[in-house]
Amino acid sequence: MPTYPTQCLVLSRRDIGENDRCVTVLTPEFGKRNFVMRGARRSGSKLSGATEPFTRLKVLIATGKSLDVVTQCEITAVYSGLRTSVADLAAACYLCEVVDALLHEHDDQSAAAVFNLMCHAFNLMQQPALWPDAVINATLLRLVTELGYGPRYDQCSCCDEPLDNGPAAFSASNGGAVCRVCASGIKDAIALSAEAVSLIALLASAGARTLTTICPPEKQAALATSAIHAYVQFHAGRIIKSAEFLHAVRAGRES
Ligand SMILES: [Zn+2]
């Protein structure tokens, strides 16, 4: 059976057979893949910890007929800071679910960039931040941009006119900010202030220091978060379930 080495980041796992697990991973060479870990559910299995989501691995893979199988495995990072609170765990699950939804298996375009983006995000999410959603929102924006459908901020994404008087709304189906004239006729337009659109644009390009120290007004932050979520969910083509959980956890913590 031919083998190949790779690094990978575990996005999710599911049980298969009596003792096995299948992990959905992100690799820098091949994009999203599913790997079988034989015996991972047996008590005392060394592979058990390696199937945990947000774990980074160095693996040797044997090419199977339908699914590739992990034959050697070394854990290289566990990002334990992502498990210190329910909110952090929910945030990491949200990012993984979005990546899983947006990427197609065997599509290796942008694989290295997306892999590095997620590893960088997990590192940053372990650091204290004044606005925890900043890193998540920034990562989602960079992810869609890397995949070729980043939102537009400087021109109306519907009529292409410059947004000299400020944008009126944000529309996922149209591709970003929209002007006042167009906004009234767009069903999924989310009304946003120019400040909220500027915040989205800032998140898309800000460095690590800004992302951990930025603290926008609550309303602006909530609007930007809603617009970015609507944008990625539109492109994912399905409901991102962990977003609701994250929202509930954040709401509970703030009350
Ligand atoms: Zn317009």
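Rule-based calculations on the coordinates, nothing more; no lab input. Just so it is clear, the model here is predicted, and its values are computed rather than measured. Neighbour counts run over all protein chains shown; Cβ positions are idealised from the backbone, glycine included.
Tell me, what is the FRET efficiency for residue 1 and residue 108 to the nearest 0.05, using R0 = 25 angstrom and their Cβ-Cβ distance as r? Using R0 = 25 Å, I get an efficiency of 0.70.
Using just the C-alpha positions of the range 77-132 as equal point scatterers, what log10 of I(q)/I(0) does the Debye formula give at each q in 0.22 1/Å? Relative scattering, expressed as log10 I(q)/I(0), comes to -0.90.
Structural size metrics of the chain, computed from C-alpha coordinates, are Rg and Dmax of 19.7, 63 Å. Enter the Cα centre distance for the pair the range 185-255 and the range 22-39, rounded to the nearest angstrom. One Cα centre to the other: 29 Å.
Other residues within the sphere of radius under 13 Å centred on the Cβ of residue 226, judged by their own Cβ, net out at -2 (K and R +1, D and E -1). Between residue 164 and residue 218, the simple spin-label model (points 7 angstrom out along Cα→Cβ) gives 3.8 nm.
Within the shell defined by Cβ-Cβ distances under 15 Å, the residues around residue 210 carry a net charge of +1, with Lys and Arg each +1 and Asp and Glu each -1.
Pairs of C-alpha atoms in the range 202-254 farther apart than 17 Å represent 50 percent of all such pairs. Cβ-Cβ distance of residue 238 and residue 46, R₀ of 30 Å, FRET efficiency by 1/(1 + (r/R0)^6): the value works out to about 0.30.
When both the range 63-92 and the range 133-156 are represented by their alpha-carbon centers, they are found 25 Å apart. Distance between the pseudo-spin-label points of residue 195 and residue 76 (7 Å out from Cα toward the beta carbon): 4.4 nm. Taking the alpha carbon gyration tensor of the range 65-208, multiplying each eigenvalue by 5 and rooting it gives semi-axes of 33, 19, 12 Å, largest first.
For residue 111, the shell of other residues with beta-carbons less than 13 Å away shows a net charge of -3, using +1 for Lys and Arg and -1 for Asp and Glu. Taking every alpha-carbon pair in the range 1-134 and binning the separations at 5 Å intervals from zero gives 2, 10, 21, 23, 20, 14, 6, 3, 1, 0, 0 percent.
Given the chain, what percent of its DSSP beta bridges are antiparallel, to the nearest 5?
Here the antiparallel bridges make up roughly 90 percent for the chain.
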